[in-house]
Every structure is written in C-alpha cells, then in structure tokens.
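A.B. asks: Would you mind keeping the following structure in view while I ask a few things?
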Amino acid sequence: RQLVPPSLSAKVEGSFAYLTVRDRLPTILTRVIDTIHRNKNKFFEEFGEEGVQAEKRTIGFLSKLRNELLTDKPILVLCDGLEDTDSWNQYLQRQQRLLGERDPVSWFKSSWLYIECYMYRRIQEAIWLNPPISDFDVFNESKTQSFFESQQAVISLCTYLQGFNRNMDDLSETQLMEQFHKLLQVSLWGNRCDLSISAGMENSQKASPIDSLSDLKSFILVDDSNMVWSALTSAQRPGEDGKTTPGRVDIVLDNAGFELVTDLVLANFLVSAGLAREVRFHGKSIPWFVSDVTAHDFQWTIRQTLAANHKWMSKSGVQWQSYVREGVWSYHDHPFWTMPHEYCDMAGDAPDLYATLQGADLILFKGDLNYRKLTGDREWDHMVPFDRALRGFGPAPLCSLRTLKANIQVGLQPGQGENLNTQDPSWMTSGKYAVVQFSSPHRE
Ligand code: F6P
Ligand code: MG
C-alpha cells in the first residue's frame, strides 16, 4: 500500500478547514435555528401545540449542537435509529482508531470532511427526533429563494437550449461537439452558486452564463473535456435496428437552484443529441450542505420550470417532465451520498451503489464536496495525478466538474500551483477557478 497524506483538519490553525469550522459552520447552525423559529406559526397551524413543542425541542437540540462545536466537545454517537445510524457510529470508531486512544474525536481535532458531514447529519437527527416536524427541510427556503433569484439566467439558458434543440438535425459533428463543450462549461460554472460556501447567504446566478464562457476559459485549471467527449462517443454501440445506441450517463448532483438547472440542460442536450440514451441523477436523501439537491428539490425544480410564464422555459420543463415519465431520466438516492466516506471506500462500504455506478458509461461528479470525497480530502501535492488521488475508485469513466472551494487540488502541471499561490493566494477557496478532471478505469 502506498502512503497517503493526512486528511485536511481544523487542527491546523488558520487553515481553510479551521476557518470553516470556527466561523462558517456555527453561522449555518445559527441560520438553521433562526429558520425553525421563524416557522413557529406554520408549525402551530399544521400541528397545534404539539408543533410548537417540537419546534422548541428542536431548537434546544440545535443550540446544544452549536455549543458542542464552539467548545470543541467530543463527537457524540447518533441515537435516532435511522437506516444509516449504525454506519455513522462505526465510522466514529474508525476515526477514534485513527486518532489513537488518548484524545476523543472532536470538532477541531479530527478530519474536516468527517465533522462537516457529521454536523449536517446531527441537524437531521434534531429534526427527526422531534415529530411532528420531522419532514421539515431547514434549507428549503434558501434553496427556493436562490432558484427564483436566478430566474433571468434560467430563462436565457432555457431559451438557448430550445434554440438549438429546434436545429439539432442541421448540426454538423463539429457543431455538436462545440455545443457539448459549451453546456459542459455552463454546468461547471453553475457550481459557483452553492449556499454552503456563502454560509447560507444569497449566491445566485444573475447574468446569462453562455455569454461569459469565453472570459471564464482561462480560469479552468485542468480541462479534460475532450476525454469526456471521447467517453461519450465511444459508448455508442450499433443497435439491432442498425442505428447506434448511445450509453448511460450518471450525474452525481450537487446544488439545487441554478446549478441544478444547468445539469438538467446538459442532460437534455445529451439525450436530444443522441449522446446518452438514459441519464440517472443521484441526489441526497436528507437536506445536505445547505443547497444540495433532494428528491423534493428535483421534482419541484421541474414543476417550477414547467409552470413558468415563459415559452421556452416552460417548454423545457415539459420536456424534462416527459423524460422522467418515460424513464429516460430517473432520480436515485442512496444513504452513502450523505455519509462521510472517501469514495475509495465505496466498493467495500456501499457495494450495491458501486455496482449500480458500474452500469454507467460516464459518471459526472458535480461540485466541490464530491471532489473532496473523490480525492479523500487529503493534503495531496498539487502534482499528484488525479488517478492516484482516487486510490482505486473507478466504477466507470468519470469526470469531476468542480469550482474550487476547498484547499485541495491535484493533477496540476509542474509550477502551476506555485504560480497560482503567488498570483492569487485564495485560488483554491474563492470559487473563481475550476477543473474538468477525467479518469477512466483500467479495464481488464
Ligand atoms: O463548507 C465547505 C464546503 O465543503 C466547501 O468545500 C464548499 O464550499 C462547500 O462546502 C460545498 O461546495 P459544493 O456545493 O460545490 O459541494
Ligand atoms: Mg453543495
């Protein structure tokens, strides 16, 4: 076994992990508490006095959680008896073994990836243990607001999509490839709009994304999009009727709001251009990292698009709805996506999910958190190849579409990281830079 570098951790004072745990996470918790409090009347209308009591108890749980975080208390076992509770508690033991027996696993001492995921899981525990409000999505308001704030950008993107959908048959192979590159980049930059980096504050897309692509090009530090194109075209097989059948594309979603729309537009293009026969979307089964997509967000976004008072936007929604009805598109969730594991653990710890992903011809992993999990959120040297940082994870050809929001980046050219450090010291965390990084498993 090759030695792997340590995990990023808040124990390094002044690091981005440290600042996240010290400042950003408590702010997010305060906003959650505030949201629940503001919904007090709604809980009363729906559930009467029982709803108000549940609201009070939940706020009590979350205030205690905030205090544990701020005072670096030991991480507690979960006790809500959900499907994944045992796995979480086993993972805590694993963290304890890594740390040795002297210190307990705590917020500022263990791995950043683990404790950040744990905070979102504890929010879920607080809600879950307090029926009748256990279905409440504490981030729903922020997600819907961010969707509406991006309305103009959504309209221009849908108008663009419908424009070339009408002319699809006249497009040459080269033009098709150009459109693909454009929409892949739109989906890439869509990842700027997440509500975790902004600690829940407004972070929507205002301008038309298509117009700014060429200005943004120089901010893509690694661009493997040609390999993504090759993976798609080489997945096309001759069907029984003599026509070619394209492959299956899986998209591991990140944020709701504008980013999700960019993913749906890309998926629509892949299907209508004959580059994918089926698209499977993977989302979260609980509210996660503020803006991540749940099944409800997925359906809601399609319904909103469909009901929009704009011809091309609603036409896009109608198309998406029928893809879902026909099974060309499908939404899936799995508890593993809301666990703290590095993806190199997936084959062992979630073999069913790994086997499902093996059926894809291409997997697109959206966003920063997926990148952290792909690379194990470790202190890798910038020049370590992406393939090596994946540590054997490769259910199918895969590509990470990520804007940089955490201090980890692999697969750079010699000197590239040093140059960036001098030019722009916050290059890894500002969301200004991005990567399109591809890896293909070595098939026997
Ligand atoms: O809170 C930190 C973080 O994990 C960052 O890495 C990133 O800012 C955000 O949360 C999640 O980003 P994304 O939505 O792109 O996964
Ligand atoms: Mg996210």
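The values are calculated or read from the model by the stated rules, or taken from the named source; none is laboratory data. Because the structure is predicted, anything quoted here is derived from the model rather than measured. Note that each Cβ is placed from the backbone with ideal geometry, even for glycine, and that neighbours are counted across all protein chains shown. SASA here: full protein model, heavy atoms, side chains in, ligands and nucleic acids out. Shrake-Rupley method; radii C 1.70, N 1.55, O 1.52, S 1.80 Å.
A.B. asks: For the subset of the range 207-242 comprising residues that are more than 19 Å from GLN409 (Cα to Cα) and either touching a His at 6+ places or on another chain (Cβ under 7 Å) or part of a loop (DSSP other than H, G, I, E, B) (or both), which member is most open to solvent (accessible area, probe 1.4 Å)?
C.D. replies: Of all residues in the range 207-242, those more than 19 Å from GLN409 (Cα to Cα) come to 207-215, 226-242.
Filter again for either touching a His at 6+ places or on another chain (Cβ under 7 Å) or part of a loop (DSSP other than H, G, I, E, B) (or both), leaving 207-208, 235-236, 239-242.
Numbers: ALA207: 60, SER208: 31, ALA235: 10, GLN236: 61, GLY239: 21, GLU240: 197, ASP241: 112, GLY242: 63 Å².
In this case the residue turns out to be GLU240.
A.B. asks: Is it fair to say LYS366 is within 30 Å of SER272 (Cα to Cα) and either at pLDDT below 95 or basic (Lys, Arg) (or both)?
C.D. replies: So LYS366 passes the test.
A.B. asks: Do we find a residue being touching a Gly at 6+ places or on another chain (Cβ under 6 Å) and crowded, with 20+ Cβ neighbours inside 10 Å anywhere in the range 153-171?
C.D. replies: Checking the range 153-171: not a single residue is touching a Gly at 6+ places or on another chain (Cβ under 6 Å) and crowded, with 20+ Cβ neighbours inside 10 Å.
A.B. asks: Here is a further query. Quick check: is even one residue across the range 225-246 touching a residue at least 40 places away in the same chain (Cβ under 8 Å) and among the basic types (Lys, Arg)?
C.D. replies: no
A.B. asks: Please work out if SER400 is modelled with pLDDT under 95 and within 19 Å of ASP254 (Cα to Cα).
C.D. replies: no
A.B. asks: Still on this structure, I have one more. Go through the range 411-444 residue by residue and tally those that are out of contact with any Ser or Thr (no Cβ under 6 Å at 6 or more places or on another chain), among the β-branched types (Val, Ile, Thr) and open to solvent by less than 40 Å² (accessible area, probe 1.4 Å). Before the answer, list the steps.
C.D. replies: Step one: filter the range 411-444 for residues out of contact with any Ser or Thr (no Cβ under 6 Å at 6 or more places or on another chain), giving 411-430, 432-433, 435, 438-444.
Still in the running and among the β-branched types (Val, Ile, Thr): 422, 429, 435.
Going one step further and asking which of them are open to solvent by less than 40 Å² (accessible area, probe 1.4 Å), we end up with 429, 435.
Of the residues in the range 411-444, 2 are out of contact with any Ser or Thr (no Cβ under 6 Å at 6 or more places or on another chain), among the β-branched types (Val, Ile, Thr) and open to solvent by less than 40 Å² (accessible area, probe 1.4 Å).
A.B. asks: Just checking, how many residues over the range 1-51 are open to solvent by 20 Å² or more (accessible area, probe 1.4 Å), outside any loop (DSSP other than H, G, I, E, B) and either of a type in the set (Gly, Ala, Ser) or in contact with a Cys (Cβ under 8 Å, 6 or more places away or on another chain) (or both)?
C.D. replies: Residues meeting the conditions: 1.
A.B. asks: What is the one condition in (1) more than 16 Å from ligand 1 (Cβ to nearest atom); (2) not in a strand (DSSP E or B) that PHE298 does not satisfy?
C.D. replies: The single condition PHE298 does not satisfy is (1).
A.B. asks: Which numbered condition trips up GLU101, out of (1) in contact with a helix residue (DSSP H, G or I) (Cβ under 7 Å, 6 or more places away or on another chain); (2) open to solvent by 30 Å² or more (accessible area, probe 1.4 Å); (3) not in a helix (DSSP H, G or I)?
C.D. replies: Status for GLU101: all satisfied but (1).
A.B. asks: Looking at the range 355-372, can you tell me whether even one residue there is among the aromatic types (Phe, Trp, Tyr) and more than 30 Å from PHE16 (Cβ to Cβ)?
C.D. replies: no
A.B. asks: Tell me whether the range 357-371 contains one or more residues that are open to solvent by 20 Å² or more (accessible area, probe 1.4 Å), more than 16 Å from ligand 2 (Cβ to nearest atom) and within 23 Å of PHE219 (Cβ to Cβ).
C.D. replies: Checked the range 357-371: no residue is open to solvent by 20 Å² or more (accessible area, probe 1.4 Å), more than 16 Å from ligand 2 (Cβ to nearest atom) and within 23 Å of PHE219 (Cβ to Cβ).
A.B. asks: Just the residues that are out of contact with any Ser or Thr (no Cβ under 9 Å at 6 or more places or on another chain) and farther than 20 Å from LEU171 by Cα, please, taken from the range 236-281.
C.D. replies: GLU240, ASP241, GLY242, ARG248, VAL249, VAL252, LEU253
A.B. asks: So in the range 256-293, with the set limited to residues that are in a strand (DSSP E or B), farther than 26 Å from MET177 by Cα and open to solvent by less than 10 Å² (accessible area, probe 1.4 Å), which one is nearest to ligand 2 (Cβ to nearest atom)?
C.D. replies: Residue satisfying both the conditions and the ranking: ASP292.
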